[in-house]
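Taking it in order: structure first as structure tokens, then the write-up.
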Amino acid sequence: QVQLVESGGGLVQAGGSLRLSCAASGSISSINGMGWFRQVPGKQRELVASKSNSGFTNYADSVKGRFTISRDNAKNTVFLQMNSLKPEDTAVYYCYAWSIHNYWGQGTQVTVSS
């Protein structure tokens, strides 16, 4: 089992920045990668960014050039630096980790005001 705890969400004005953090604990050695999804009410959860243990990164087109995912393997933590935030980035952001199972954090609200 892997437990994920997110932090760093909040309210920010358009054009501002936020940094999300997600700390993993438990069966850390089983993790093959970590990343972030987001979800707004009435819509499917969508991938924002991911980073595998080998370093391969993947971003949604809507966040490329604005968001950066990074990992601190020593601290079993993944970060999402979000710059130039837009109102359409408003969502609940979920940390996730994948191995032979998928694990999810509890979610953290990000609200971008116009």
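The values are calculated or read from the model by the stated rules, or taken from the named source; none is laboratory data. On a predicted model such as this, the values are computed, not experimentally measured, just so you know. Glycine also receives a Cβ, built like all others from the backbone with ideal geometry; neighbour counts cover every protein chain displayed.
A few remarks follow.
- Selected residue (criterion: surrounded by the fewest Cβ atoms within 10 Å (Cβ to Cβ)) from residues of region 32-75 that are aliphatic (A, V, I, L, M) and within 10 Å of the chain's Cα centre (by Cα): 47
- Here residue 29 does not qualify as without any contact (Cβ under 8 Å) to a residue 40 or more places away in the chain, surrounded by 15 or more Cβ atoms within 10 Å (Cβ to Cβ) and closer than 18 Å to residue 101 by Cβ.
- Tally, over region 78-101, of residues that are assigned to a strand (DSSP E or B) and at pLDDT 95 or above: 12
- Close Cβ contacts (under 9 Å, 6 or more residues apart or on different chains) running from residues in region 2-21 that are within 13 Å of residue 78 (Cα to Cα) to residues that are of a type in the set (Lys, Arg) and surrounded by fewer than 16 Cβ atoms within 10 Å (Cβ to Cβ) comprise 8/19.
- Lone qualifier among 53, 58 - being at pLDDT 95 or above and polar (S, T, N, Q): 58
- When region 22-34 is filtered for residues that are over 16 Å from residue 7 (Cβ atoms) and in a strand (DSSP E or B), the ones remaining, listed by number, are 26, 33.
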